[in-house]
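The values are calculated or read from the model by the stated rules, or taken from the named source; none is laboratory data. Quantities reported herein were computed from a predicted structural model and do not represent experimental measurements. Cβ: placed from backbone, ideal geometry, glycine included. Neighbour counts: every protein chain shown. With ligands, DNA and RNA removed, areas are computed over all heavy atoms of the protein, side chains included. Shrake-Rupley method; radii C 1.70, N 1.55, O 1.52, S 1.80 Å.
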Amino acid sequence: MMDFSAVMKIKSAWDQFTRNHPKFMPFIQAVSKEAIGDGTIIEISVKSPEGKTYNTNMKLTQSDLDLFASIKDMR
């Protein structure tokens, strides 16, 4: 059984995140509708406050897409 106060804390933190980064969810929604499929390459770049850059990428497989669908169905 899930602790209701923990759920509310996560909900509050998520709401704050979406207020701080209003373009993020529309971006994720557009990408998930138009660009995610077997063979899609996702590239991630992170720049630290000190200026160091970290980059990686991954090529999605059908098993990745199946996992995403399972998570989506949990909502």
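In segment 36-48, of all residues being part of a loop (DSSP other than H, G, I, E, B) and surrounded by 10 or more Cβ atoms within 10 Å (Cβ to Cβ), the one that is modelled with the lowest pLDDT corresponds to Ile36. I'd like the full set of residues that are part of a helix (DSSP H, G or I) and open to solvent by 70 Å² or more (accessible area, probe 1.4 Å), limited to segment 13-25. The answer is Trp14, Gln16, Phe17, Arg19, Asn20, Phe24.
Results for (1) assigned to a strand (DSSP E or B); (2) exposed (fewer than 11 other Cβ atoms within 10 Å of the Cβ); (3) without any contact (Cβ under 8 Å) to a residue 60 or more places away in the chain, shown as yes or no for each residue.
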site: Ala30; (1), (2), (3): no, yes, yes
site: Glu50; (1), (2), (3): no, yes, yes
site: Thr56; (1), (2), (3): yes, yes, yes
site: Leu67; (1), (2), (3): no, no, yes
